[in-house]
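Reviewing the structure listed below.
The values are calculated or read from the model by the stated rules, or taken from the named source; none is laboratory data. Computed from a prediction, not measured in an experiment: that's the story for all the values here. No Cβ is skipped: glycine too gets one built from the backbone with ideal geometry, and neighbour counts run over all protein chains shown. Side chains are part of the model used for accessible areas, which takes the heavy atoms of the whole protein and leaves out ligands, DNA and RNA. Shrake-Rupley method; radii C 1.70, N 1.55, O 1.52, S 1.80 Å.
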Amino acid sequence: MTDLLAPPLLALAGSPLLLGIVNKTKAAFAGRAGAPLLQPYYDLAKLLGKGAVYSRTTTWVFRAGPAVQLACALTAAAVVPLGGRPAALSFSGDFLLLAGLLAAMRFAGAAAALDAGSSFEAMGASRELQFAALAEPALLLSLAALARACGRLSLAGMFAAHPGGPAPVLAAAALFAVFLAENGRVPVDDPATHLELTMVHEVMVLDHCGPDLAFINYAAALRLWVLGALLLGPLLPRGTGPGTAAAALAGLAVLTGLVESATARLRLVRVPQLLVGAGTLAALAVMLARGGR
Amino acid sequence: MRPAAELLIVLIVLGNLALLGSSRLTGLIRLVAAQGLLLGAVPLLARGQAWTAEILFLAVAAGLLKGVVFPVLLERAMRDAGIRREVEPFVGFSLSQVAGVAILAASFVIARRLPVPPGPLARAATPAAFATILTGLFLIVTRRKALTQALGYLVLENGIYLFGVSIGQRVPLVVELGVLLDVFVAVFVMGIAIFHIRREFDHLDVDRMTELTDWTP
């Protein structure tokens with residue numbers, strides 16, 4: 001029982017810490033002291049203690065958005081295994097459920113942003129969905145490549161199979177681009193920007209406040225964890241426990257911070273090119289993956 | 001031996017996809033150079049352990065020509081013509097990459113139907129060779145600048161070379177060297193042609209050559 005519950009509990013407790021690590025890395029790279037590692041937790045506690053304000057132009061769609069996003073992210077955290085252990089929720093074809101959950105989460109966010117009736121938020125939603133439309137094929141193709149290389153249809157089976165050859169590495173490279181795009185990290189979107197015109201993910205949540213914003217931020221942190229675990233899973237050596245896998249996730253967060261510090265954000269028209277490139281890598285991985293053995 | 005050969009093939013295919021998505025001519029030339037160096041290593045892996053002097057000579061000659069001499073010639077042509085990047089190709093860079101994936105899929109289908117002789121490299125190299133040939137053709141057809149078309153021709157030749165080296169149990173050395181010499185002359189002529197196109201028309205846009213007439217009213 002503890003075996004089954006360890007990965008989701010680690011995700012619940014540790015995901016905001018990943019954001020803290022990313023921010024600390026960026027601060028260290030820029031020569032600043034930076035916010036404490038636990039700052040995302042303090043922010044969540046502060047937001048949860050506040051009340052919510054709703055504009056009169058919004059409807060139930062706006063109020064349901066944060067809750068739906070959080071629900072999707074929590075379910076996704078239960079689906080993805082950590083290290084070599086089976087996930088809390090595992091069945092044949094569960095990677096399609098994961099892709100669906102991520103899509104539903106994005107839809108809830110975009111619908112809430114459109115419901116606010118602000119043109120800025122609608123613009124952010126439009127961009128987020130445009131990028132997502134290109135990131136989703138890359139995600140699905142990478143998962144298909146893994147499924148084909150391992151001959152298994154469940155995420156736990158894929159993580160446990162450890163197939164050789166180039167396919168898992170190519171799939172992981174494609175998943176890294178998806179990881180950066182879906183979480184709104186630097187080459188695609190800048191989480192620290194304060195200019196509405198250039199924001200993508202951040203502008204969509206401008207009208208949310210209090211517990212709603214806490215839900216959205218926590219759901220985003222969980223998504224970072226889930227996609228990170230998905231990216232690392234097939235690469236970790238056999239017999240990796242949840243603790244080691246969580247440490248590898250922290251390493252991935254440091255890498256994300258380094259990428260954010262070292263690269264400039266891509267021009268908006270260049271982002272689709274990056275994502276199409278990731279898609280081609282994933283397609284190549286599908287073709288190179290040999291059937292299960 | 002097998003993983004090394006597999007890695008080589010994957011790198012060559014990745015090079016094809018990168019070629020389709022890149023707009024910088026310097027980057028394109030460097031990619032072709034890297035692909036040429038990789039191809040130089042192919043004959044060493046294709047025939048197992050027996051490295052005769054013949055094979056070593058072929059590998060060194062191919063690597064030198066494809067990886068060093070051609071890129072230097074093309075880079076000089078680029079400098080003489082004063083161009084840096086390909087702008088507005090007939091097919092956009094993202095769409096080209098998607099086409100590259102389609103080409104790759106088609107190559108796998110074609111390679112599966114071919115009666116390929118059993119060799120250590122043949123099974124993996126045949127689809128890669130077809131993909132490289134078709135990528136070269138695609139570059140020739142869809143790019144505006146004469147220099148990119150010359151690069152496409154080189155990529156096409158790379159594919160033919162890969163096919164020949166990985167398939168043939170015993171390809172005569174003279175034939176391979178003859179092909180290399182042909183390509184050398186072709187690149188040389190292209191370098192000169194590019195220079196002259198530039199002198200006549202002030203740019204390398206081969207699209208403008210439709211304006212050529214022998215009689216002007």
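These residues, B:Trp51, A:Trp225, go from largest to smallest accessible area, 1.4 Å probe, as B:Trp51, A:Trp225. In a Gaussian network model over chain A where Cα atoms closer than 10 Å are linked, find which of A:Val61, A:Val53, A:Val205 has the largest mean-square fluctuation. Its mean-square fluctuation being the largest, the pick is A:Val53.
Rounded, prolate or oblate: which fits the range B:51-164 when a ≥ b ≥ c are the square roots of the eigenvalues of the alpha-carbon gyration tensor, with rounded for a/c under 1.5 and prolate only if a/b beats b/c? Because a/c hits 1.5 or more and a/b fails to exceed b/c, the range B:51-164 counts as oblate.
As a calculated quantity, the FRET efficiency between B:Asp80 and A:Leu195 at R0 = 41 Å, using C-beta atoms, amounts to about 0.40. Computed on protein heavy atoms with a 1.4 Å probe, the accessible areas place A:Asp207, A:Asp189 in the order A:Asp207, A:Asp189, largest first. Sparsely packed loop sites in the range A:1-40 (the trypsin sites (Lys or Arg not before Pro) outside DSSP H, G, I, E and B with at most 16 other Cβ atoms within 10 Å) comprise A:Arg32.
The residues neighbouring A:Leu231, those whose beta-carbon lies less than 15 Å from its own, together hold a net charge of +1 under the Lys/Arg +1, Asp/Glu -1 convention. Springs between Cα atoms under 10 Å define the GNM used for chain A, and in it the highest mean-square fluctuation of A:Ala33, A:Ala132, A:Ala173 occurs at A:Ala33. Site pair B:Thr52 and B:Ser23 shows an inter-label distance of 5.0 nm when each label is modelled 7 Å from Cα along Cα→Cβ.
Against the criterion of solvent-accessible heavy-atom surface with a 1.4 angstrom probe, A:Leu9, A:Leu141 sort, most first, into A:Leu9, A:Leu141. Choose one of A:His194, A:Leu70, A:Ala247: the residue whose Cα lies farthest towards the positive end of the charge dipole of the range A:2-288 (beta-carbon charges +1 Lys, Arg; -1 Asp, Glu; about the Cα centre). Toward the positive end, the furthest listed residue is A:Ala247. Annotation note: trypsin sites (Lys or Arg not before Pro) in the range B:95-151 located in DSSP loop regions with a Cβ neighbour count of at most 16 within 10 Å are absent. In the context of the full protein assembly, A:Val254 retains an accessible surface of approximately 60 Å², using a probe radius of 1.4 Å and ignoring ligands and nucleic acids.
Annotation for A:Ser261 and B:Leu177: the two label points, set 7 Å from Cα along the Cα-Cβ direction, are 5.5 nm apart.
Surface calculation, 1.4 Å probe, protein heavy atoms: B:Asp182 sits at approximately 100 Å² accessible. Qualifying chymotrypsin sites (Phe, Trp or Tyr not before Pro) in the range A:82-145, where qualification requires a DSSP coil assignment and no more than 13 other C-beta atoms within 10 Å, comprise A:Phe91.
Shown is the FRET efficiency for A:Ala247 and A:Leu97, computed with R0 = 35 Å from the Cβ-Cβ distance and rounded to the nearest 0.05: 0.80.
Solvent exposure of B:Val68, expressed as accessible area, is near 70 Å², computed with a probe of 1.4 Å over the protein chains only.
Considering helices alone, the calculated mean residue ellipticity of chain A at 222 nm is -23500 deg cm²/dmol, with DSSP H runs of length four and up weighted by -39500 (n - 2.57) and normalised per residue.
Note on chain A: with a GNM built from Cα contacts shorter than 10 Å, the maximum mean-square fluctuation among A:Ala253, A:Ala113, A:Ala264 falls on A:Ala264.
Note that the range B:2-206 shows a convex hull volume over its alpha carbon atoms of 99 Å³ per residue.
Measure nothing fancy, just the Cα-based angle from helix A:119-150's long axis to the longest principal axis of chain A, in degrees from 0 to 90, nearest 10. Once rounded, one gets 10 degrees.
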